[in-house]
């Protein structure tokens with residue numbers, strides 16, 4: 001079979017949506033899991049019992065390794081991030097098959113779910129809270145209630161940072177609610193849900209007294225690590241730490257200065273590629289062991305990239321070489337065959353005969369700073385029709401993530417145009433942001449407020465944008481001049497300091 005990409009499966013997925021049997025596998029498809037696409041805004045991955053077992057063959061060794069090498073974790077409480085269902089990840093198809101998970105616990109067996117329910121600090125019902133600030137408030141309320149929180153698992157570290165951002169501001173109200181066993185978030189939630197959650201909110205008088213003392217001490221010395229004092233038994237935080245997510249690890253370490261942060265392995269919607277290792281298990285700290293029991297893996301060297309549809313011989317798992325970079329190709333029980341995942345890994349060592357790998361990022365054209373997985377093909381598909389619709393004819397345009405303050409991130413469209421009315425630009429930016437939200441991951445980051453709305457940066461008419469771009473890439477980033485080309489979508493910060501111009505305030 002040739003190497004495939006998701007576009008090769010679109011017709012098959014439509015047949016699955018129409019409940020046609022035995023389309024890609026003989027197994028029944030349990031549900032379709034949404035994720036972002038390349039040429040399109042989104043795609044849906046078939047999820048079968050076999051694929052679930054393949055994920056479990058990666059998840060279970062990771063959890064076993066984690067607990068066997070950190071006995072202090074047991075029997076402490078854990079926080080496993082719960083996705084707010086109202087934020088766009090839990091959807092229903094208009095046809096005959098469910099779309100999306102309720103939460104990550106769907107990867108576990110019934111027995112494992114029961115154990116998780118016993119250990120979890122935050123009840124899964126909070127995923128029904130629609131307002132993001134109220135979601136964070138209630139999450140904090142349950143987290144504060146337990147002193148013996150020992151393990152946190154989130155995907156993007158920014159998700160946890162934003163939950164903790166308002167901790168000190170909300171502390172008096174949180175203490176009142178804990179004292180009275182009530183829930184009064186910034187925005188009211190449905191009373192039925194509020195009543196159910198209040199029944200689950202349990203806290204001892206000793207814990208309330210301890211929290212009051214911590215808050216009192218923090219008011220006298222605001223430099224103390226208040227989160228570490230609140231959760232003194234916290235031992236481990238599991239989150240993304242490679243590629244662009246590594247930008248936030250420094251902030252997380254300031255919040256929890258002596259807590260171990262374990263980078264997650266490479267886990268995609270399509271498959272489980274690598275599982276984290278601990279130093280005690282004999283591997284490289286912070287790297288992932290290739291999940292050879294999960295799927296059938298093939299690899300193509302990055303510098304010998306094979307176009308989709310190519311049928312050249314690829315490397316197998318035992319043929320990988322230390323120091324080389326590869327793109328991952330999967331064959332899974334979900335019905336994907338020789339599927340180009342377009343994720344790049346580097347082989348850093350071997351444990352026995354199994355490769356230890358590090359995730360470097362997506363192949364070309366993807367910006368994934370906060371988990372938004374924006375693809376240049378989709379961005380172009382959004383912008384070009386809107387330029388025509390609004391009569392905007394730019395001499396230059398490029399989109400990139402930008403930081404506008406502490407933990408305030410937004411994508412910015414850098415554009416060089418002749419005079420254009422303010423009202424027209426405002427309508428264009430609003431329309432563009434809505435169209436970008438067709439990408440389920442971008443929409444999720446927007447509604448979580450990890451990303452703010454799209455901004456517009458007007459480049460000065462006389463500026464040479466190409467020279468500005470080349471200067472940044474060659475002189476600052478150290479790239480070779482002959483290898484530099486200006487892309488439609490950049491995945492690095494700091495371009496407002498490179499291009500002369502002004503930020504358009506919508």
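What follows draws every value from the coordinates through simple rules; no lab data is involved. Note that the structure is a prediction, hence the values are computed from the model and not measured. Every residue, glycine as well, gets a Cβ built from its backbone with ideal geometry; the counts of neighbours run over all protein chains shown.
A few notes on this one:
- DSSP bridge analysis restricted to region 49-263 gives an antiparallel fraction near 15%, rounded to the nearest 5.
- When its C-alpha radius of gyration is set against 2.2 N^0.38 Å (N residues), region 366-504 gives a value of 1.02.
- For the chain, averaging the sequence separation of C-alpha pairs within contact (under 8 Å, six or more residues apart) and dividing by the residue count gives a relative contact order of 15 percent.
- Least to most buried among 378, 318 (fewest other Cβ within 10 Å first): 318, 378
- Label zone at residue 182 (point 7 Å along Cα-to-Cβ), backbone N below 15 Å, region 197-237: 198-199
- By DSSP, the beta bridges lying fully in region 366-504 are antiparallel in about 70 percent of cases.
- Gyration tensor over alpha-carbon atoms, the chain, equivalent ellipsoid semi-axes in Å: 36, 31, 24
- For region 49-263: Kirkwood Rh in Å [reciprocal of mean 1/r, alpha carbons]: 18.5 Å
- Potential extension, residue 210-residue 14 segment - 0.36 nm per residue separation minus Cα distance: 65.0 nm
- Sorting the segments 490-501, 136-147 by their mean number of nearby beta carbons within 10 angstrom, highest to lowest, gives 136-147, 490-501.
- For the pair residue 498 and residue 466, label points projected 7 Å from Cα toward Cβ lie 1.6 nm apart.
- With 0.36 nm allotted per residue and the present C-alpha distance subtracted, the residue 406-residue 427 stretch has 4.8 nm of extension available.
- A straight line joining the Cα centroids of region 173-225 and region 1-74 runs 39 Å.
- Once the C-beta distance of residue 325 and residue 26 is scaled by a Förster radius of 60 Å, the resulting FRET efficiency is 0.95 to the nearest 0.05.
- Antiparallel DSSP beta bridges within the chain, percent to nearest 5: 70 percent
- The mean sequence separation of alpha-carbon pairs under 8 Å and at least six residues apart, normalised by the residue count of region 49-263, gives a relative contact order of 22 percent.
- Among 323-333, 379-389, the order from most to least packed when residues are scored by Cβ within 10 Å on average: 323-333, 379-389
- Relative contact order, percent, region 170-283 [alpha-carbon distance under 8 Å, six or more residues apart]: 17 percent
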